[in-house]
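What follows is a set of notes on a single structure, which appears directly below.
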Amino acid sequence: MSDIPAEQPPTLDPIACARWAQWLHVQSPWLNEEVGRRMEDRLQWIRLEPKRWVDWAPVSGGLNTHKRVRARYPKAMCDVVEPTPERVAQAQQELQTPWWQRLGRADSVSIGSHAPGNADMVWANMALHTAADPQALLREWHQMLATDGFLMFSCLGPDTLRELNAVYAQAGWPPACHAFTDMHDWGDMLVQAGFAEPVMDMERITLTYDSPASLLAECRILGRNLHKDRFAGLRGRVWRADLEKALLNLAQPLQDGRLAVTVEVIYGHALKPLPRAKMTSQSTVTLQDMRSLLGQSKRD
């Protein structure tokens, strides 16, 4: 078994994470939408059909992806959770049904609030790798779920931007991005957070670009460098020219001379099991878990 990372990822800057969480996207990053499309396709293998589900941070995770999942479960209620008031307002503008279309009926989407322990599914696309305290976030998702509910998530893995990091290292610059967690470590942390039967999978996607300028422009859309040891200040035109020259080394003959970078995507699925019935005199359980325990006793 691999070593479980420290609760605070050692290379990730919490202040930079908070700033990125406040970033108002003109539209959801296309890579997140593509990963969300692939993750949504995996729902065909899930037999449980949620009556209520939570979409975690769809503004960055994918507004179109949100609509695809809603179309798959048209009768289900959805609670949308965003990390900041600004993101909540953006989600309301993009996802809430206009009032004139829901006259006489309740909207199937609730934005900005949720009740713990009543969701059959938590959907979290491309969010976990930017969390300053991922283990706390996993525990929060666990608390959102009802017993036998499930978590579906995706995030970036450790091979992401390995070519760009190599260019930075060769030039003697600080890393181009923070270190991403391996899928086996995510599986260990899921179990620590109370989940059961974690299933992890990964794939590598090669992105190609016709110039260093287009690659860098794309990187700014897809995310930010959240490494705590990143450049402390702004860089000038000379550094930018040196970077673009160095990036030309990423050209791949098999890609017709285009610049190629790797993105590793990790997919995870896990269940919230029945709480353990064995308790000590010092044990505490939530009201939702107590109800589940009582229901389990009646069935036994």
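In table form, for the structure just shown:
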{"read-out": "Residue within the range 207-219 that is of a type in the set (S, T, N, Q), surrounded by 13 or more Cβ atoms within 10 Å (Cβ to Cβ), part of a loop (DSSP other than H, G, I, E, B) and touching a Phe, Trp or Tyr at 6+ places or on another chain (Cβ under 9 Å) present", "value": "no"}
{"read-out": "Given (1) in a strand (DSSP E or B); (2) touching a helix residue (DSSP H, G or I) at 6+ places or on another chain (Cβ under 7 Å); (3) open to solvent by less than 40 Å² (accessible area, probe 1.4 Å), number of the condition residue 189 does not satisfy", "value": "(1)"}
{"read-out": "Failed item, numbered, when residue 53 is tested on (1) touching a Lys or Arg at 6+ places or on another chain (Cβ under 7 Å); (2) in contact (Cβ under 8 Å) with a residue 40 or more places away in the chain; (3) assigned to a strand (DSSP E or B)", "value": "(1)"}
{"read-out": "Residue list for the range 24-33, filter: open to solvent by 30 Å² or more (accessible area, probe 1.4 Å), free of Cβ contacts under 8 Å to residues at least 60 places away in the same chain and under 16 Å from the mean Cα position of the chain (by Cα)", "value": "33"}
{"read-out": "Hits in the range 147-177 (condition: within 15 Å of the chain's Cα centre (by Cα) and of a type outside the set (A, V, I, L, M, F, W, C))", "value": "154, 157, 158, 160"}
{"read-out": "Residue in the range 170-180 that is in contact with a strand residue (DSSP E or B) (Cβ under 9 Å, 6 or more places away or on another chain), surrounded by 16 or more Cβ atoms within 10 Å (Cβ to Cβ), among the aliphatic types (A, V, I, L, M) and not in a strand (DSSP E or B) present", "value": "yes"}
{"read-out": "Criterion: among the aromatic types (Phe, Trp, Tyr) and crowded, with 20+ Cβ neighbours inside 10 Å - qualifying residue of 56, 45", "value": "56"}
{"read-out": "Answer residue from the range 95-126, given it is small (Gly, Ala, Ser) and at pLDDT 95 or above and is surrounded by the fewest Cβ atoms within 10 Å (Cβ to Cβ) among those", "value": "124"}
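The values are calculated or read from the model by the stated rules, or taken from the named source; none is laboratory data. Predicted model, so just to flag it, every value in this text is computed and none were measured. Cβ atoms come from the backbone with ideal geometry, glycine included; neighbour counts cover every protein chain shown. We work out accessible area using only protein heavy atoms, side chains counted, and drop any ligands, DNA or RNA first. Shrake-Rupley method; radii C 1.70, N 1.55, O 1.52, S 1.80 Å.
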